[in-house]
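Just below is one structure, and these are the notes that go with it.
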Amino acid sequence: GRPNKKDDTCYSFWIGGTLKLLLENTTNDSDTDAQLDLALLDEEVLKRFVLQCQTRMGGFGKFMDSSPDLLHSFYSMAWLSSLKE
């Protein structure tokens, strides 16, 4: 996200997705990609945060314990799908 801003699920896609796209398009060396990916983004921590924002009624909220909305649900699912798990 941004400095002095609370963690927000939509940034999982905007930051995480952007880094993944940049890394996939900047080099053909998979070892270099993996090193850069680990240095710039901890996918497991980000995945845990996003999953903690999933609500019982379905969808994802902006923060933990917030109500779900379409925007944050969409970007959370987009980020999770980019992990290819």
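Please determine, by comparing only the residues of region 1-23 that are among the charged types (D, E, K, R) and surrounded by 12 or more Cβ atoms within 10 Å (Cβ to Cβ), which one is modelled with the lowest pLDDT. Of everything passing the filter in region 1-23, 20 is modelled with the lowest pLDDT. Of all residues in region 63-79 being in contact (Cβ under 8 Å) with a residue 60 or more places away in the chain and within 25 Å of residue 24 (Cα to Cα), which is most open to solvent (accessible area, probe 1.4 Å)? Looking at the filtered set, the residue picked out is 75. Just one of the numbered conditions (1) open to solvent by less than 40 Å² (accessible area, probe 1.4 Å); (2) modelled with pLDDT under 70 is not true of residue 39: (1).
The values are calculated or read from the model by the stated rules, or taken from the named source; none is laboratory data. Every value quoted in this text rests on a predicted model; they were computed, and no experiment measured them. For neighbour counting, all protein chains shown are included, and Cβ atoms are generated from backbone atoms with ideal geometry for every residue, glycine included. SASA here: full protein model, heavy atoms, side chains in, ligands and nucleic acids out. Shrake-Rupley method; radii C 1.70, N 1.55, O 1.52, S 1.80 Å.
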